[in-house]
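Q: Below you will find the structure I want to go over with you.
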Amino acid sequence: MKILLVSNSARGHAIAEAFARSPQNPEIIAACTLRDPGMMKLAKDLRVVDINGLSGIVQIAKETKPDFAFIAPDDPIGAGLSDRFESIGVPCVAPKKNLARIEASKGFARNLMQKYGIGGSPKFRVFTFSSMDAKRQLDLDIRHYLEYELKGQYVVKYDGLKGGKGVKLSGEHLKTIDLGAKYAMECIEQCGTVVIEEKLVGVEFSLLSFVSGTTTVDMPAIQDYKRAYINDEGLNTGGMGTYSDSNHLLPFLSEADVKIASSFNAQIAKALMEECDEPYKGILYGGFIATADGVKIIEYNARFGDPEALNILPILETDFVAICQAIISGTLTNDLVRFAPLATVCKYITPRSYPEDKKEKGQRVIVPDKVPDNVRIYYGDAHMSDSGVVLLGTSRAIGIVGIGTTINEAEELAQEVCEKISGPVRFREDIATVESIQKRVDLMQKLRRR
Ligand code: AMP
Ligand code: GLY
């Protein structure tokens, strides 16, 4: 059994570890952006490639002839790597380009939800540019929509993949209607369309599902801390840390909330099948917000989250290789997927000046040799030098995951190991602490009382 894993981050390391635990004892071929210290231990063959240059990866597949491929990051999925693999007879866990538009085009995603009557969208409109003459009218229409229909409470979304940096919110990034309209017109100039929607207030969470056609099997719900600094201040990042609870729900959500999110994922898989006339095979990541009016959909991704995969995969008790095989063959069932009733907390170690600067690039980071059994260390943007030391890149470097019977226990484990890591690095100490979770529970109670 041979698997080709395409990876650019700690998410790939967690995926490789889950494969390595399989009783099928697979051989892992890793196509990575760097000499990933985690992958170096787990992969039989590690090839450093540009994961956005699809031909290089296809060549590796031709040479190594894997039984199947797994694509972890969004860019190669959005660019159609899955289609390229299929054209050379390599089955793949990751949707084809047409289906991956659920992440790659926010306009496609919202229009799909509307067309198939899937609730949970905020008020939205997709603006499209057609001719130069129409530009002034478009600008006027956008201003009118922002000011009168959305009453100044809006979000402007670039209609393509932009590493989480294409979304700007009124009040935070866009302080006036003028600035909102200007950013919307910039988006239109760059990619032809822009999505503008109502700004929702509430608490965000993610629910990911394994998907094979119209069958969806859910994973534990996760909360991600996206902001760079303590108390949710600073720029949005890919996620500074995450937690999940032992009951696979979250402290600020009811079971009914998670059921609604689960039903949205199932409806999206069905709608994609109908719209694209082919089955989605991969991971579907629903990004939700619990509001005073119930659970709403923020976005969909066509892959595992990073760090969400770092919480989910270490507590998967069943065979991850068998799950991937079932996704590919269309035989996915609930009993193939079982998670341990444990809580997890991930805290990301990043360069000290991340995300504003890149001053620490190439500097050494030292991770303790021994960590408790219930702590996992996943390498992201950190690589192994020729002399065998770990050097920082410019982005999230190392995900530290504590696993415990309660969130509190998992948090303390992750915190303890984070404190022992030395180098020019930092992490968010408040991730999953009792106080920070209580704040979310209080906000949700306040919203629900209104
Ligand atoms: P997205 O790439 O669509 O997930 O957007 C990035 C972030 O922007 C989300 O995690 C939210 O924090 C925020 N966001 C996106 N859409 C909305 C919305 N309609 N209302 C409030 N916040 C939003
Ligand atoms: N943690 C957010 C993401 O992977 O998109």
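The values are calculated or read from the model by the stated rules, or taken from the named source; none is laboratory data. Predicted model only: the values in this text are computed from it and were never measured. No Cβ is skipped: glycine too gets one built from the backbone with ideal geometry, and neighbour counts run over all protein chains shown. The accessibility values were calculated without ligands, DNA or RNA, using every heavy atom of the protein model including side chains. Shrake-Rupley method; radii C 1.70, N 1.55, O 1.52, S 1.80 Å.
Q: All but one of (1) of a type in the set (Phe, Trp, Tyr); (2) at pLDDT 95 or above; (3) within 16 Å of ligand 1 (Cβ to nearest atom) hold for Tyr158; state the number of the condition that does not hold.
A: Of (1) of a type in the set (Phe, Trp, Tyr); (2) at pLDDT 95 or above; (3) within 16 Å of ligand 1 (Cβ to nearest atom), only one is false for Tyr158: (2).
Q: So, one more: Determine whether Arg364 is over 25 Å from the mean Cα position of the chain (by Cα) and open to solvent by 40 Å² or more (accessible area, probe 1.4 Å).
A: So Arg364 passes the test.
Q: Considering only helices (runs of 4 or more DSSP H) fully contained in the stretch 82-189, which possess at least 2 residues that are among the acidic types (Asp, Glu)?
A: So the answer is 134-144.
Q: Further question on the same structure: Whether any residue in the stretch 67-77 is assigned to a helix (DSSP H, G or I) and without any contact (Cβ under 8 Å) to a residue 40 or more places away in the chain is what I want to check.
A: no
Q: Of everything in the stretch 206-232, what is in contact with a Phe, Trp or Tyr (Cβ under 9 Å, 6 or more places away or on another chain), under 15 Å from Pro355 (Cβ atoms) and hydrophobic (A, V, I, L, M, F, W, C)? Give them in sequence order.
A: Hit for the stretch 206-232 is Ala228, nothing else.
Q: Right, next: State whether the residues of the stretch 248-265 include one that is in a strand (DSSP E or B), at negative phi and basic (Lys, Arg).
A: The answer is no, given that none of the residues of the stretch 248-265 is in a strand (DSSP E or B), at negative phi and basic (Lys, Arg).
Q: Here's something else I'd like to know. Going through the stretch 156-182 one residue at a time, which ones are open to solvent by less than 20 Å² (accessible area, probe 1.4 Å), away from ligand 2 (no atom under 16 Å from the Cβ) and under 27 Å from Ala302 (Cα atoms)?
A: Val156, Ser170
Q: Filter the stretch 222-255 down to residues that are under 28 Å from Tyr280 (Cβ atoms), within 15 Å of ligand 1 (Cβ to nearest atom) and not polar (S, T, N, Q), then give me how many there are.
A: Looking only at that region, the number is 5.
Q: Filter the stretch 42-89 for residues that are polar (S, T, N, Q) and over 24 Å from the mean Cα position of the chain (by Cα) and give the result.
A: Residues satisfying the conditions are Ser55, Gln59, Thr64, Ser87.
Q: May I ask you to list the residues in the stretch 11-28 that are farther than 24 Å from Ala397 by Cβ and in a strand (DSSP E or B)?
A: Glu27, the sole residue that qualifies.
Q: Hey, another quick one. Would it be correct to say that Asn111 is open to solvent by 40 Å² or more (accessible area, probe 1.4 Å) and either within 16 Å of ligand 2 (Cβ to nearest atom) or in contact with a helix residue (DSSP H, G or I) (Cβ under 8 Å, 6 or more places away or on another chain) (or both)?
A: No; evaluated as a whole, the condition is false for this residue.
Q: Output the residue which, of all residues in the stretch 213-247 that are at negative phi and outside any strand (DSSP E or B), is surrounded by the fewest Cβ atoms within 10 Å (Cβ to Cβ).
A: Checked the stretch 213-247; the qualifying residue surrounded by the fewest Cβ atoms within 10 Å (Cβ to Cβ) is Asn247.
Q: Looking at the stretch 292-309, which of its residues are surrounded by 18 or more Cβ atoms within 10 Å (Cβ to Cβ) and away from ligand 2 (no atom under 13 Å from the Cβ)?
A: Val295, Lys296, Ile297
Q: Now a separate question. Find the residue count for the stretch 198-211, including only residues that are away from ligand 2 (no atom under 16 Å from the Cβ), open to solvent by 10 Å² or more (accessible area, probe 1.4 Å) and part of a strand (DSSP E or B).
A: The total comes to 2.
Q: Name the residue, out of Leu284, Leu272, that is in a helix (DSSP H, G or I), closer than 22 Å to Asp74 by Cβ and open to solvent by less than 40 Å² (accessible area, probe 1.4 Å).
A: Result of the check over Leu284, Leu272: Leu272.
Q: Across the stretch 297-325, what is the total count of residues that are under 19 Å from Ile407 (Cβ atoms) and within 16 Å of ligand 1 (Cβ to nearest atom)?
A: Selection size over the stretch 297-325: 3.
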